[in-house]
Amino acid sequence: MNFLLVPDKFKGSLSAKKVIAAISNAISDIYPQAGIYSVAASDGGDGFLDSVRSYMELETIKIDATDPLGRKISTEFLINPETGEAYIELARASGLELLSDEERDPLLTSTMGTGIQIKEAILNGAKKIYIGLGGSATNDAGLGIAAACGFSFLDEFGNSLEPTGKNLSKISAIKPSDFLKEYKNLEIYAVNDVDNPLFGPTGAAYVYAAQKGANKQDIAFLDKGLKRLHTIVRGEMGKDCADIPGSGAAGGTAYGLKAFLNADYISGTDFIFKLARIDNLLESHSIDFIITGEGKIDEQTLRGKLIHGVCQLGKNYNIPVIVVCGVSEVNKKHLREMGNVEVIEIHEPSEPLSYSIENASNLIELAIANFLKNRIKEKNYDKS
C-alpha cells in the first residue's frame, strides 16, 4: 500500500505537519510496510511560507511591520538573493490570528503591514514577489498594501484617508505611487485558491467579512465601499478587474494587488504542487490513496481551496481520496461528485467542539486507523 498525504492545517488545533504525523502513525500501525509520501501543502493562506521553505533554500528577512490594527510587530519574508524571488505570507502581518475575538473588525483593519513587507522585499532586491493570500483580518481591498507602496487615497475635500475598510466608501481620488515608478519591471503574483469577485452576493464582504467580525450592517456597508473603490479605480486608472475570479480573496486584497501593483493571480494549490513536483511523484509511484483534510469543510471548500485541488488531483489520476475533517457542512454527495472521495469526521457529537480541537491528533489517528481496518478491506482496496 502506498499513500500520499496532502492535508491542510486544522485551524486553531494542528499544523499540516502535525496532521501528517497523526495520519502517518495510523497508517504505520495498520500497514507497517506501507509507503508514505507527504506534501507540505498550502492554498496560499496560513502556512504558505512554511510550505515554500520545505522545498526551497531561501534567506529569511526579519523586519518590523504592523499588525491589522496598526500595532508594531516583528515579521518575516523569504527571498532568493540570486534570482530576486521573494515570498510573503499575508497572514503574518494582516492575519486574523493576530487579533483576539474582541479585536476583529474589518471596518478598522488594514493590510498596511503586508504592504510594508512588499516594499521591504523590493528594497532588498526582489524582482518577482509571490504573496500567499488567506487568513486575512481585513476587508480593505488592499488599500493598506497600496498605501505602504506609495499610493494615497483622498476624500472629496482632498484629505488623505486611512487605508481601512470603513474608508472605502469615502474615496474620491487616488494619488499614484512615485515609489513604484522606479520598479516598472516588478512582477507580483497573488497566490490564492478562491474564485470570488470583489463585491456582490459572492464577493469579499458577503462571503468572508462575518468571520472577521462584521455584522449585517457592516457587511452591506463594506460591499458598498468595495463597489465605490472599483468605480474610482476604473475611472481614474482604467482598470476593470472586480469581476475577475479571485479578486475577492483576502478581503479584496487580490483586487488591490492587481489594480495597484499589476499582479497576476495564480492558484496556491497548483503553485505548491509544482514546487513539490507532485505529478512526478504520482507518475513514478503506485499510489493507492491520497489523504487530505482540514478542520472544517464547508461550501468554501468547493470554491477552489486545497481540498478541492487534491480531490481534482485524485480524479485526474483515478486515485481514491480520503478527506478527514473536524466537521463537514457539505453534502457528501457534492464531494463525491468531485471523484472517488470518502469523508471522515472526527468530531464526536456527544462532546463539545473544544474536545475535538484539544484532542485532534488522537482523533485523526483513530479515525484513519478505523477506516483502514474496516472500509478498505470491505471494498477490497487492500493490495498488501
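The values are calculated or read from the model by the stated rules, or taken from the named source; none is laboratory data. Just so we're clear, the structure is a prediction, and the values are computed from it rather than from any experiment. All Cβ positions, even for glycine, are placed from backbone atoms using ideal geometry, and neighbour counts span all protein chains on display. The protein model used for the area step is the full one, side chains on, heavy atoms only, and it has no ligands, DNA or RNA in it. Shrake-Rupley method; radii C 1.70, N 1.55, O 1.52, S 1.80 Å.
Descriptive notes on the structure:
- For region 338-380, taking the residues that are at pLDDT below 80 and within 13 Å of residue 322 (Cα to Cα), the one that is surrounded by the fewest Cβ atoms within 10 Å (Cβ to Cβ) is identified as 375.
- Number of residues in region 223-245 that are surrounded by 23 or more Cβ atoms within 10 Å (Cβ to Cβ) and outside any helix (DSSP H, G or I): the value is 1.
- Put simply, of 133, 96, 143 the only residue that is surrounded by 18 or more Cβ atoms within 10 Å (Cβ to Cβ) and either over 21 Å from residue 204 (Cα atoms) or in contact with a Pro (Cβ under 6 Å, 6 or more places away or on another chain) (or both) is 143.
- In the condition set (1) more than 18 Å from the chain's Cα centre (by Cα); (2) at positive phi, residue 100 is compliant with all but (2).
- Among the residues of region 335-364, those identified as of a type in the set (Val, Ile, Thr) and under 20 Å from residue 310 (Cα atoms) are 341, 343, 344, 346, 364.
- Lone qualifier among 88, 36, 27 - being open to solvent by less than 20 Å² (accessible area, probe 1.4 Å) and more than 24 Å from residue 136 (Cβ to Cβ): 27
- Hits in region 318-339 (condition: farther than 14 Å from residue 4 by Cα, part of a loop (DSSP other than H, G, I, E, B) and free of Cβ contacts under 8 Å to residues at least 24 places away in the same chain): 331, 337
- Residue 209 part of a helix (DSSP H, G or I), of a type outside the set (S, T, N, Q) and either crowded, with 21+ Cβ neighbours inside 10 Å or in contact with an Asp or Glu (Cβ under 7 Å, 6 or more places away or on another chain) (or both): yes
- Identity of the residue in region 195-206, out of contact with any Leu (no Cβ under 8 Å at 6 or more places or on another chain) and either assigned to a loop (DSSP other than H, G, I, E, B) or open to solvent by less than 20 Å² (accessible area, probe 1.4 Å) (or both), that ends up nearest to residue 170 (Cα to Cα): 200
- When residues of region 146-192 are limited to those that are among the polar types (S, T, N, Q) and in contact (Cβ under 8 Å) with a residue 24 or more places away in the chain, the one surrounded by the most Cβ atoms within 10 Å (Cβ to Cβ): 192
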